[in-house]
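Asks: I am attaching a structure below and will ask some questions about it afterwards.
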Amino acid sequence: MLTALTRRQFLAAGAAALAAPRLASAAGAQITIGITVDTRPDWNGADNFVRSIREASAAGYHWVETFINYVERYDKNPQELKDLLASLNLKLETVSNGGRMNTNFQDPAQRAAVVEDHMRLVRFIQQFGCDHLKINCGRPERAGNTPAVYREMSLTFNEIGRRMTDLGMKFAIHAHLDSKLENRRDVDAVLEQTDPRHVWFVLDTGHITMAGMDPVELTRTYVSRIIEYHLKDTAPENRGGYKGPHLKPGAYNTTPENVVFYELGKGGVDFPGILAILNRNNWKGWGTVELDRTTSTARQSCAITKKYIEEVLKLRV
């Protein structure tokens, strides 16, 4: 069992080099820009996968992230997907868990099955040269997270991460609204109990903000553990953390009337502030454009964000 680490110890241990071998950035930080091809309504779902990557390519992106249930059709013939991506001048950043995958990370009785389920996904993406796996952590516990839940989740994450480290890859957990890893208490507890050599963090600027956290402060605290950002904006009044009433589970970004995530440039997330910290720390990793829902079209939305990244942040897509 992993010995509990102090905050200072695990941050120091995590300061070992973050590896993203392809770069697209300016001074200090080395950031590879990708895009999650899952924007509702027109890029959402397995049936729209081919359309989504074609339009992402046409918009000027070169790396794509997706979900296993969108690409599991290629499991027996990965070369077909490799050829499709190559024809569009695209490469696969990573493939997240989802669909029918087992996300009972907190259940020790299911640990072996959960680990093997995720290692099957790892073996799939390894064929495409992916350097990391990003996962969502599953639906929240009905009774809420307890110390035992954090402990068991962390043990499962450590085991997947250790196996991926042995393969020369990195394992990263994603904090998300309405999941077992949602708020600051969750993030602190799990990162403190996982081994920084084997477990990394995906900071989603939109979900972090709407869960009441400040993505700039979280970047400052956990810069040595972060391997990827999901890049989305929020309303200006939510800069530094969501100020509104509690968001009911699932009651956001489902219709044009309740959108809380936006293209970059809306004003709720201080992206220049995040970038300044990354530059000071010579950070290496991924910046993945993602918008859960658009009020226009996915192609128009990703173009807006691309313009912001290039003209405001001065990063190369």
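The values are calculated or read from the model by the stated rules, or taken from the named source; none is laboratory data. Just so it is clear, the model here is predicted, and its values are computed rather than measured. Cβ: placed from backbone, ideal geometry, glycine included. Neighbour counts: every protein chain shown. What goes into the accessible areas is simple: the full protein's heavy atoms, side chains included, and nothing from ligands, DNA or RNA. Shrake-Rupley method; radii C 1.70, N 1.55, O 1.52, S 1.80 Å.
Asks: Tell me which helices (runs of 4 or more DSSP H) are completely within segment 11-104 and hold 1 or more residues being farther than 28 Å from Val115 by Cβ and modelled with pLDDT of 95 or more, or say none if there are none. Write out each step before concluding.
Replies: Details: elements: 49-58, 68-71, 78-87.
By residue number, 49-58, 78-87.
Asks: For segment 224-234, name all the residues that are in a loop (DSSP other than H, G, I, E, B) and open to solvent by 10 Å² or more (accessible area, probe 1.4 Å).
Replies: The answer is Ser224, and nothing else.
Asks: Going by the conditions given, is Asn281 under 30 Å from Met164 (Cα atoms), open to solvent by 20 Å² or more (accessible area, probe 1.4 Å) and over 17 Å from the mean Cα position of the chain (by Cα)? Lay out the reasoning, then the answer.
Replies: Values: under 30 Å from Met164 (Cα atoms): yes; open to solvent by 20 Å² or more (accessible area, probe 1.4 Å): yes; over 17 Å from the mean Cα position of the chain (by Cα): yes.
Yes: the conditions hold for Asn281.
Asks: Look through Val317, Val269, Val259 and report the one residue that is modelled with pLDDT under 95, touching a strand residue (DSSP E or B) at 6+ places or on another chain (Cβ under 7 Å) and closer than 23 Å to His174 by Cα.
Replies: Val259
Asks: May I pose another question? So which pairs qualify, if the first residue must be in segment 252-265 and touching a residue at least 60 places away in the same chain (Cβ under 8 Å) and open to solvent by 20 Å² or more (accessible area, probe 1.4 Å), the second must be assigned to a strand (DSSP E or B) and not hydrophobic (A, V, I, L, M, F, W, C), the Cβ gap must be under 7 Å, and the two must be at least 6 apart or on different chains?
Replies: As it stands, the answer is none, since no pair meets every condition given.
Asks: Yes or no: Leu231 over 20 Å from Phe271 (Cα atoms), in contact with a helix residue (DSSP H, G or I) (Cβ under 7 Å, 6 or more places away or on another chain) and among the aliphatic types (A, V, I, L, M)? Can you show your working first?
Replies: Details: over 20 Å from Phe271 (Cα atoms): no; in contact with a helix residue (DSSP H, G or I) (Cβ under 7 Å, 6 or more places away or on another chain): yes; among the aliphatic types (A, V, I, L, M): yes.
Considered against the rule, which asks whether it is over 20 Å from Phe271 (Cα atoms), in contact with a helix residue (DSSP H, G or I) (Cβ under 7 Å, 6 or more places away or on another chain) and among the aliphatic types (A, V, I, L, M), Leu231 comes out as no.
Asks: Filter segment 256-304 down to the residues that are of a type in the set (Gly, Ala, Ser) and assigned to a helix (DSSP H, G or I) and list them by number.
Replies: Narrowing segment 256-304 to residues of a type in the set (Gly, Ala, Ser): 265, 267-268, 273, 276, 285, 287, 296, 298, 301, 303.
Passing the criteria: Gly273, Ala276, Ala298, Ser301, Ala303.
Asks: For segment 252-300, give me the residue count where each residue is touching a Leu at 6+ places or on another chain (Cβ under 8 Å) and closer than 27 Å to Asp131 by Cα.
Replies: 13
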